[in-house]
Structures are given as C-alpha cells and as structure tokens.
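The values are calculated or read from the model by the stated rules, or taken from the named source; none is laboratory data. All values derive from a computational prediction rather than experimental measurement. Cβ placement follows ideal geometry from the backbone for every residue including glycine, while neighbour counts extend to all protein chains displayed. What goes into the accessible areas is simple: the full protein's heavy atoms, side chains included, and nothing from ligands, DNA or RNA. Shrake-Rupley method; radii C 1.70, N 1.55, O 1.52, S 1.80 Å.
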Amino acid sequence: SSAQPGADRLAVYQSERDQAYQRRMQLIRDLPHAVRLNELSVVFQPKLCMATGKVHAVEALIRWHHGRLGPVGPDEFIVLAEETGSIGLLTEWMLEAVMTQLQRWQAAGWYIEVAMNVSTRDLENAGFPAQVRNALERYQIAPQSLSLEVTESALMRDPEASIVNLRRLRELGISLAVDDYGTGYSSLATLKSLPVQILKIDKSFVLNLAQNADDAVIVRSTIELAHNMNLQVVAEGIEDEASLNWLREHGCEIGQGYFISRPLPVADLEKWLQAREKPVIQGN
Ligand code: C2E
Ligand code: MG
Ligand code: MG
Ligand code: MG
C-alpha cells in the first residue's frame, strides 16, 4: 500500500529473489535430463581470417530449450552445471555433437576447424584427454580439426590443476585458446606457462572499439603482447565494419561477431557459407 512504500519495495524484492531462486533450483534439477529429453542443440558461429576474408573455423555454442521455460542461455546454465557436477554430461554431449558434424562435413569433402568451449571442471578431470582422443578416433577426425577454448578467469583460478590436461590435449595435436582474455587478471608468467596457441580478446573490449579510445588502447596492446608471445589473436564481438577494419589494420588474425554472422543452426550455416564462398559443400 502507499502508506508503506518501504514495505512494498521489500516485498517486491523478496518475491523477485524467491523467483530467481526457484528458477535456479528448477534449472539445476532439470539439467541432468536435458540430454535425454532432446532439449540441447548446437549453433555455429563463423570465424573469419582477417587477411583473406575466408572462413577460418566455426565456434560451436550450446543451446538449451527448456520444456517449460523456453530458451535458457549458456551464460545462465553453464555455471550451474559446473557447480552441481552436470557439466561433464554437457561436455560429453557437445563433443559427440561436434564430432558428428565434423564427420558429416568431411564426408561431403569439406574441411573446417571447429572450436568447442570447455570448462575447467573438464580440465581437472583426469579422464578428459582420453575422452577427446577416443572421440577423435571413433569418428576418424584429425586433431587439427578441433580446437578447445577455456576462459581466462576459469584457467587462472587454478592453473596447476589444468596444466597437465592442457599439455596432454596439446600433445594430441589439438589447438588451445584462452577465451575472454582481459577479464581474468592473468599474470604474464602464468600465461606464458600455459600450452596455448590462441588468445581470444574478450568482446567487452571489442564491442565499442571504433568509438572508445580506451578500448582501442587495450586491444592494441593485447595484440602486441600476444604476438610477442607467439600467440595467434582472435577478436570476438565484432559488431560493425569500423571495428573489423580497425582490427585487420592492427594485425588481428581472426575475427568473429554479429557483423560477420550470428551463431547459426547447421542448415543456416551451410547456406551462409555457400552464399559467401561458392559451393564448398557437396551433397548433404
Ligand atoms: P564465449 O565462448 O566467449 O562465446 C561468445 C559469446 O558471445 C556467445 O554467447 C556468442 O553468441 C556471443 N557473441 C558472438 N558474437 C557477438 C557479438 O558480435 N556481439 C555480442 N554482444 N555477442 C556476441 P553464448 O552463445 O550465449 O555463450 C556464452 C558463453 O557460454 C560462451 O562464451 C561460453 O563461455 C559458454 N558456452 C557456450 N557453449 C558452451 C559449451 O558447449 N560448453 C561450455 N563449457 N561453455 C559454453
Ligand atoms: Mg568461446
Ligand atoms: Mg569469449
Ligand atoms: Mg564468454
């Protein structure tokens, strides 16, 4: 009531907090069943080679369409999966989905690299490199076709726990990327000790690159740092042509973002590629 605005606001706050809590609990409870219920899917976002304008690779991103709640974004459910131990199920599902797709594309005579995101929980799991090697063998996929992305903040929480698995994955011939670079406070010493080949600049620095001088300084020095460490640079979150051109001129090797393409379901990706680069996919 208007007599007690403070109490009203508190009630609204409490009910919003309760709803958020209920939603979290429901997602945590339903996550382990998402696979069986066929609620998961993959979308693919192209990565462009800046020098040639050709598609260099695609990044696989998971999607969850919850039966009652509709689409739930990975930024919301991946962290819950990590906290509750169901991340392994999701990673396994994703690995199979990526391998299946790579095999279909290769059968059609089309070779492309697919990047997949993994959690530090996966990297702390001693069986993970064998799981990946086994999947590559079963689907007869060259390890060069796969790359794995791990966020900087996750890696930096406990680099020692991940490094053994990172080395094993690298020995298989898989390329490794530090994702969302710039948000995780890496020390250069730690970064240097990791067996990674690719540094992905976080989209928060790229989104307003063409308008924001501070972001431009950060991105420019990050590109320089990466090159001095012999790392390849990927920029994510390119939303306009000015940023794309700026990045190309400043030596960024690979670009990704809505300006190039949104993440697409596989059929749309194939259409997008065909419209763009002449038919490289034969058959189906
Ligand atoms: P990420 O790996 O850094 O992926 C980039 C995110 O930025 C994606 O969000 C993508 O859709 C979005 N994005 C791409 N281009 C643009 C752009 O130009 N502008 C803006 N504003 N956004 C752009 P998405 O798909 O919601 O994924 C969020 C995060 O969830 C990913 O960030 C990744 O850390 C995690 N994730 C996604 N799929 C998986 C998965 O299969 N396993 C694991 N462990 N994590 C995943
Ligand atoms: Mg990524
Ligand atoms: Mg990222
Ligand atoms: Mg991210």
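All other residues with a Cβ under 15 Å from the Cβ of LEU247 taken together, and with Lys, Arg as +1 and Asp, Glu as -1, what is their net charge? Residues near LEU247 contribute -4 overall. Each of VAL219, ALA161, LEU244 was scored by the projection of its Cα onto the charge dipole of segment 126-284, and the greatest displacement toward the positive side belongs to ALA161; charges sit on the C-beta of Lys, Arg, Asp and Glu.
Taking the square root of 5 times each eigenvalue of the Cα gyration tensor, what semi-axes in Å does the equivalent ellipsoid of segment 51-138 have, largest first?
Largest first, segment 51-138 gives 25, 18, 13 Å.
When the Cα atoms of the chain are aligned to their principal axes, the ranges along those axes come out at 68, 48, 43 Å in descending order.
Quick one: with all protein chains in place, what share of the accessible area of segment 77-212 is carbon or sulfur, to the nearest percent (1.4 Å probe)?
Reported share for carbon and sulfur atoms: 49 percent.
Per residue, the chain exposes an accessible area of 51 Å² to a 1.4 Å probe, with every protein chain left in place. Note on surface exposure: PHE259, PHE205, PHE128 rank PHE259, PHE205, PHE128 by accessible area, highest first, 1.4 Å probe. Once all protein chains are placed together, LYS271 keeps about 130 Å² accessible to a 1.4 angstrom probe.
Along the positive direction of the dipole of segment 1-68 (beta-carbon charges: Lys, Arg +1; Asp, Glu -1; about the Cα centre), which of GLN19, PRO32, ALA51 reaches farthest? Checked the options; the winner is ALA51.
Extension gain, GLU241-ASN212: 0.36 nm per intervening residue step, less the Cα-Cα distance, totals 9.0 nm. On the principal axes of its alpha carbon atoms, segment 142-248 extends 41, 31, 22 Å, with the longest extent given first.
In terms of the Cα gyration tensor, with a ≥ b ≥ c the square roots of its eigenvalues, is segment 146-203 rounded because a/c is under 1.5, prolate because a/b exceeds b/c, or oblate? It is oblate, given that a/c is not under 1.5 and a/b is not larger than b/c.
Per-residue extension of 0.36 nm, minus the Cα-Cα distance of GLU249 and ASN228, leaves a gain of 5.8 nm for this segment. How much net charge surrounds PRO265 when only the other residues with a Cβ under 13 Å from the Cβ of PRO265 are counted, with Lys and Arg +1 and Asp and Glu -1? Summing Lys/Arg as +1 and Asp/Glu as -1 gives +1.
The alpha carbon centroids of segment 191-208 and segment 88-144 are separated by 22 Å. Of the complete DSSP H runs in the chain, those spanning 18 angstrom or more by Cα along the long axis with a mean Kyte-Doolittle score not below -0.5 are 87-107, 159-172, 213-228.
The alpha carbon gyration tensor of segment 26-177 gives principal lengths a ≥ b ≥ c with a/c of 1.5 or higher and a/b no greater than b/c, which makes the shape oblate. Counting only DSSP beta bridges with both residues in the chain, the antiparallel share comes to about 40 percent. SER41 contributes an accessible area of around 50 Å² to the protein surface, as traced by a 1.4 Å probe with all chains present. Scoring 235-248, 94-107, 11-24 by mean Cβ neighbours within 10 Å over their residues and listing the highest first yields 235-248, 94-107, 11-24.
Non-local lysine pairs in the chain, meaning eight or more places apart or on different chains, with alpha-carbon distances under 18 Å, amount to 7. Got a sec? Which residues in segment 136-176 would a label at GLN103 touch, if it sits 7 Å along Cα→Cβ and we count backbone N under 14 Å? The answer is 136-142.
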